[in-house]
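A.B. asks: I have a structure here, written as structure tokens, and I will follow up with some questions on it.
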Amino acid sequence: MNIKQTQVKFKTKIHEKVSPAENIEATVGVNSLNIRKQPSLSSSVVGKLNLGTKITIRDEQSGWAKIESSSGIQGWVYINYISKDLQPVNNSTLSTQNMENGQQSLKGKIIVIDPGHGGIDDGTTSIVGTFEKTLTLATANVVEKKLEDAGATVIMTRTDDTYIPLMKRAEISNQNHADAFISFHYNCFNDPSKNGLTDFYYQKSKDYDLATDILNEVVKTTGLNNDGTRFDNLEVLRNNTQPSTLIELGFLSNHRDDSIVENSSYPDKVAQGVYLGLLDYFSTKKQVATENQRHES
Ligand SMILES: [Zn+2]
């Protein structure tokens, strides 16, 4: 792809939600992915794709993507086995665009990022032995950079492998009058087939919009399943006076989720999703008038 195409595509992405009909570049995330004639497991197999193969998504419906391979094979694949390619985060196109517009999209916002667990609290452990606390911090560091580049003031509840009590994490949000508090976690379950992304709210009027806006965008940028936004009585949310959510960024007990979330590109995908989610959140919340403009442009 040449530079001109990259810029055109990027502008489309930042200004409006990706419509299913738009062509999106993607990469196969599993070995030997079946291409089917129709979007159904019972439909005939018309070809196979190997891990890492680049494809183009032409359409999407109910968990399936209509794709075309570089060799010209067309058909449907299960969308969870591919990952949509992202423009590099913090690339020069983004900086140029921000300067062109004379604005930074999250300027003036105070965002508290909470990497779950830490120190004596390892959190859960992945099927290949990685601690949750390590993944949450790695993810949070990339998100921090992304949001700062967009003009936000980012406050981290921890920046190294230390234990911070849950009460203290909420206090950091309260004392800094955060515009949003986001806690990052990774999930684990007895049933290894359980997978996907979920996030939580405590007080619906305060937290729900933030939670759904972030989850919806992170689902898009990571390509993992959407397991929904739900209520939970979580201490970092319950004691938080600011809009807050806790997002579980995939199941470390699920082979496919784990192989994706432990890939070095995953924090960039999460960061892009969180960034877009915050843009949605702040635009719908405080700038209803400009919301229409943004989607029309
Ligand atoms: Zn956790």
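Quick note: the coordinates plus some simple rules give every number you see, no bench work behind them. What you see is a predicted model; the values in this text were computed from it and never measured. Cβ coordinates were reconstructed from backbone atoms using ideal geometry, including for glycine residues, and neighbour counts include every protein chain displayed.
A.B. asks: Under a Cβ-Cβ cut-off of 14 Å, what is the net charge of the residues other than residue 69 that fall near it, where Lys and Arg count +1 and Asp and Glu count -1?
C.D. replies: Result for the neighbourhood of residue 69: +3.
A.B. asks: Going 7 Å from the Cα of residue 23 toward and past its Cβ, which residues in region 55-85 have a backbone nitrogen under 19 Å from where you end up?
C.D. replies: Under 19 Å, as judged by backbone N against the label point of residue 23, lie 55-61, 65-77, 83-85 of region 55-85.
A.B. asks: How far apart, in nm, are the 7 Å Cα→Cβ label points at residue 122 and residue 162?
C.D. replies: 2.2
A.B. asks: In nanometres, what is the gap between the two model label sites at residue 206 and residue 241, each 7 Å from Cα along Cα-to-Cβ?
C.D. replies: 0.9
A.B. asks: Excluding residue 36 itself, calculate the net charge of residues whose Cβ lies under 11 Å from the Cβ of residue 36, where each Lys or Arg counts +1 and each Asp or Glu counts -1.
C.D. replies: Counting the neighbours of residue 36, the net charge comes to +3.
A.B. asks: Okay, next question. Mind scanning 54/84; 37/66; 109/145; 48/220 and naming the pairs with a C-alpha gap bigger than 18 Å?
C.D. replies: Beyond 18 Å: 48/220.
A.B. asks: Tell me, in nm to one decimal, what length is gained between residue 145 and residue 31 on full extension, where the rule is 0.36 nm per residue of separation less the Cα-Cα distance?
C.D. replies: Value of the extension gain: 37.8 nm.
A.B. asks: Given points 7 Å out from each Cα along the Cα-Cβ axis, report the residue 264 to residue 175 separation in nanometres with one decimal.
C.D. replies: With each label point 7 Å from Cα toward Cβ, the separation is 3.6 nm.
A.B. asks: Restricting to Cα pairs below 8 Å that are 6+ residues apart, what does the relative contact order work out to for region 110-281? Please round to a whole percent.
C.D. replies: Relative contact order here is 30 percent.
A.B. asks: Let's test the formula: R0 of 25 Å, r as the Cβ-Cβ distance of residue 46 and residue 193. What FRET efficiency results, to the nearest 0.05?
C.D. replies: The pair residue 46/residue 193 has a calculated efficiency of 0.40.
A.B. asks: What number comes out for the charge environment of residue 257, summing +1 per Lys or Arg and -1 per Asp or Glu over other residues with Cβ under 12 Å away?
C.D. replies: Neighbour charge sum, excluding residue 257 itself: -2.
A.B. asks: For a quick check: sort 156, 167 by the number of other beta carbons within 10 angstrom, fewest at the front.
C.D. replies: 167, 156
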